[in-house]
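S.K.: Starting off with a structure, shown below.
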Amino acid sequence: MSSFRPFRLSTWLAAPAAALLLLTPVMQAPAHAQAAQATPAPQGANPAPASPAQTTVAATSQPPAEQRGLTSRAIDTVKQVAKSAGDIFSRVPCLSPKGGSKAMGSLPHVANKLIAGKPVVIVAFGSSSTSGYGASSPDFNYPNRLAAQLRRQYPTADITVINAGVGGEDAPEMMKRLQTAVIDVHPDMVIWQVGTNAVLRNLDPGDTAKMVEDGITRIQAAGDADVVLVDPQYSPRVTQRPENASRMVKLLGKVAELRHVGIFPRFEVMRDWHEKQALPVESFVIADGLHMNDWGYACFAQLLGDDIIRSVGQIKLGVNVPADVRTYRPM
């Protein structure tokens, strides 16, 4: 792994705000996808935004005329979501890391459900960057962006993405609600974002890795769910603690390898945006030096969704890809 390059936060915070404004999309209607968000706990190191209402489109017990009107509105909503997804990348495209990428590996449970046309439940588990702190609207947090992308790709599928992000938490707090927020939901896929707050609090990365490994073991023992870990973000406040950040990234990758689960190396992806794609940090991180903005969440969701879609295509073709293959390692 290449060496860490901590940001100079004082210089970064003085950057013009205009770059942020260029990347803020016009507010759009909610995604045509089911999305539920956990009620935030009291704010910690990473505050959580207000919880959005669950977005659904109902189509039962309506008179024919009203039903047609509801269907038209649903179609309009899908079109608006597709437009908003395109608008966010109109000035700055979302590109895979320049160093190339490998497939994340097989995600057999969620892929087979999509192929069979069965309902799919995805739980986005994490802290404030899962709940969407920094996004200009709940529609633009990464779980809602991911739900919209998958629904565009699989328009007849019944896809639910549950936002179980609570600001300020890390592995100790998440383990306390793992049963109710994740296991009891019986998901087909769990996307577990973890480690950032542990770095900010100077917690031992080894302790965090051990708790995450125990959590994955519990998820795997409880049922058939694909698991994907998401490591810390590359942002000024994280890179101010280079030793802890480096250890956390390496240990989470090791846990993924040992437990044969996927990993989305967010730290390397975001570093690639800055160092290889020459994007200013303020173009994907808000002024607090930690959380992503609308563009950052959108590109993160896009790349993650691309991996899920790729896995479905591989399974359709009968390609047997090991579950622990790494993705997006631009080295």
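S.K.: Per residue, how big is the convex hull of segment 137-252 when only Cα atoms are used? Give it in Å³.
M.R.: Cα convex hull per residue, to the nearest whole number: 117 Å³.
S.K.: On to the next question. What ranking do 123-129, 213-219 get when scored by the average of other Cβ atoms within 10 Å per residue, highest first? Let's see the in-between values first.
M.R.: Numbers: 123-129: 28.1, 213-219: 17.9.
Per-residue Cβ counts within 10 Å, averaged per peptide and sorted highest first, yield 123-129, 213-219.
S.K.: Once you put a point 7 Å from the Cα of Lys276 and another 7 Å from the Cα of Asp224, both along the Cβ direction, what distance in nm separates them?
M.R.: 3.6
S.K.: Follow-up. Taking the highest mean first, how do the peptides 276-282, 310-316 order by number of other beta carbon atoms within 10 angstrom per residue?
M.R.: Going by the mean number of other Cβ atoms within 10 Å, highest first, we get 310-316, 276-282.
S.K.: For labels at Arg177 and Thr217 in the simple 7 Å Cα→Cβ model, what's the distance in nm?
M.R.: 2.4
S.K.: Calculated FRET efficiency, Asp158 and Leu317, Cβ-Cβ r, R0 25 Å, to nearest 0.05? Don't jump to the answer; show the numbers that get you there.
M.R.: On the way: r = 24 Å, r/R0 = 0.95.
E between Asp158 and Leu317, to the nearest 0.05, is 0.60.
S.K.: Here is a follow-up. On a full-extension model of 0.36 nm per residue, what is the gain between Asp207 and Lys98, subtracting their alpha-carbon distance, rounded to one decimal in nm?
M.R.: 35.9 nm
S.K.: Set the Förster radius R0 to 22 Å, insert the Cβ-Cβ distance between Asp288 and Arg91 as r into 1/(1 + (r/R0)^6), and round the FRET efficiency to 0.05.
M.R.: The formula returns an efficiency of 0.45 here.
S.K.: For segment 96-174, which trypsin sites (Lys or Arg not before Pro) pass both filters: DSSP loop (anything but H, G, I, E, B) and at most 16 other C-beta atoms within 10 Å?
M.R.: Passing both the DSSP loop test and the Cβ count: Lys98, Lys102.
S.K.: How large is ³J(HN,Hα) for each residue in segment 303-317, as worked out from phi by the Karplus curve 6.51 cos²θ - 1.76 cosθ + 1.60 (θ = phi - 60°), to whole Hz, x for Gly and Pro?
M.R.: Rounded to whole hertz, the list is 5, 5, x, 4, 5, 5, 4, 4, 5, 4, x, 5, 5, 4, 8.
Every read-out reported here was derived from the displayed coordinates using simple, explicitly stated rules and does not represent laboratory data. Since the model is a prediction, treat every value here as computed from it, not as a measurement. Positions of Cβ are backbone-derived with ideal geometry, glycine not excepted, and every protein chain shown enters the neighbour counts.
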